[in-house]
């Protein structure tokens, strides 16, 4: 199959593109390589998948040296002319739309970045799928759409009409937009509500990596809401296994539209998560308990029964195992690339 992966230099997109290429699919990855966080990390991910950064030019395909069936193109989803031409020429079977402007605090400070990327960019993908039919469009939604719900676990059938950040609002908008295109134009779409993803090659602005980095370097950790937060931390390998299973099975409903939670289904208190990092690293965290940050939520907790029923899949990697794998990668990689992981400690991002 031929698969398009958007956000291919991002955390999940990088792992997805590699997985699909290793599975024998023909893969094209695109990413605009923006500087929301250190762009050197994005280039490093691409190099890990065989893309020579010296060959990267805007709108020019670069052949992977690692995977003969993988090509990368630096491009922006807002470039409708390019997106339309790409779909017309490549005849994709599956589109994995993983590109987005992420972050909660940043959506408060820079709202237009979210509209441009998450709304306009997604509309261009939907329009391209409409006029160049694909077997399945799988796109990244987020656990943030659940907002400040007290009833747990979060089920896909819950009402999600009260987002607490613009980021969450754009993700809910994506689900509504996808439903419209599934109903009007019969575009098969599946949205995946990811729950706090962590693991090797993770984003340096996200809490799991920042906690690990801070413990290792003795940097104080801001633990928001005085530690009274919990997250459904989900290891990247489980995310990719679920994504790959969903991608090859488009919904068969009368309206070909579906939503799935993909999370561990085991929420963990932040202080407990940090404690496991301390145990794995043998170091003590310098924790600073501070008030809640704007746009954040108190807890996330995925009900994964729909995923289990339809795909017989349950996430398998425990917090201890996942943190141990993250630590092993951190030690091995940062020894050579320390400068990539510099990040301030002003915000712990979970999405």
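Values as computed for the structure displayed
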{"quantity": "Count - residues of the stretch 172-198 that are in contact (Cβ under 8 Å) with a residue 60 or more places away in the chain and either within 17 Å of the chain's Cα centre (by Cα) or on the phi < 0 side of the Ramachandran plot (or both)", "calculated": "17"}
{"quantity": "Qualifying positions in the stretch 131-152 - under 29 Å from residue 14 (Cα atoms) and part of a loop (DSSP other than H, G, I, E, B)", "calculated": "132, 133, 134, 135, 147"}
{"quantity": "For residue 285: the one exception among (1) within 23 Å of residue 325 (Cβ to Cβ); (2) touching a strand residue (DSSP E or B) at 6+ places or on another chain (Cβ under 8 Å); (3) not in a loop (DSSP other than H, G, I, E, B)", "calculated": "(3)"}
{"quantity": "Boolean, residue 156 is assigned to a helix (DSSP H, G or I), touching a strand residue (DSSP E or B) at 6+ places or on another chain (Cβ under 9 Å), surrounded by fewer than 22 Cβ atoms within 10 Å (Cβ to Cβ) and not assigned by TED's automatic domain parsing to the domain that holds residue 287", "calculated": "no"}
{"quantity": "Total residues in the stretch 190-206, condition under 24 Å from residue 155 (Cα atoms) and surrounded by fewer than 21 Cβ atoms within 10 Å (Cβ to Cβ)", "calculated": "0"}
{"quantity": "Qualifying residue in the stretch 26-33 (condition: surrounded by 17 or more Cβ atoms within 10 Å (Cβ to Cβ) and farther than 27 Å from residue 209 by Cβ)", "calculated": "yes"}
{"quantity": "Condition broken by residue 261, with the remaining ones in (1) surrounded by fewer than 20 Cβ atoms within 10 Å (Cβ to Cβ); (2) touching a strand residue (DSSP E or B) at 6+ places or on another chain (Cβ under 6 Å) satisfied", "calculated": "(1)"}
{"quantity": "Qualifying residues in the stretch 207-233 (those that are under 22 Å from the mean Cα position of the chain (by Cα) and outside any helix (DSSP H, G or I)) - the one surrounded by the fewest Cβ atoms within 10 Å (Cβ to Cβ)", "calculated": "230"}
{"quantity": "Residue match in the stretch 93-105 (condition: out of contact with any strand residue (DSSP E or B) (no Cβ under 6 Å at 6 or more places or on another chain) and surrounded by fewer than 17 Cβ atoms within 10 Å (Cβ to Cβ))", "calculated": "no"}
{"quantity": "Qualifying residue in the stretch 96-105 (condition: free of Cβ contacts under 8 Å to residues at least 40 places away in the same chain and either touching a helix residue (DSSP H, G or I) at 6+ places or on another chain (Cβ under 7 Å) or closer than 24 Å to residue 186 by Cα (or both))", "calculated": "no"}
{"quantity": "Answer residue from the stretch 46-66, given it is out of contact with any strand residue (DSSP E or B) (no Cβ under 7 Å at 6 or more places or on another chain) and in a helix (DSSP H, G or I) and is surrounded by the fewest Cβ atoms within 10 Å (Cβ to Cβ) among those", "calculated": "54"}
{"quantity": "Residue list for the stretch 85-124, restricted to those being in a helix (DSSP H, G or I) and under 21 Å from residue 197 (Cβ atoms)", "calculated": "105, 106, 107, 113, 114, 117, 118, 121, 122"}
{"quantity": "Scope the stretch 288-322; condition under 19 Å from residue 230 (Cα atoms), buried (at least 17 other Cβ atoms within 10 Å of the Cβ) and touching a strand residue (DSSP E or B) at 6+ places or on another chain (Cβ under 8 Å); matching residues", "calculated": "299, 300, 301, 302, 303, 304, 315, 317, 319, 322"}
{"quantity": "Residue check for residue 187: assigned to a strand (DSSP E or B) and buried (at least 22 other Cβ atoms within 10 Å of the Cβ)", "calculated": "no"}
{"quantity": "Test result for residue 245, surrounded by 14 or more Cβ atoms within 10 Å (Cβ to Cβ), in a loop (DSSP other than H, G, I, E, B) and touching a residue at least 24 places away in the same chain (Cβ under 8 Å)", "calculated": "no"}
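The values are calculated or read from the model by the stated rules, or taken from the named source; none is laboratory data. Note that this is a predicted model, so its numbers are computed, not measured. Cβ sites come from the backbone with ideal geometry, for glycine too, and all protein chains shown count toward neighbours.
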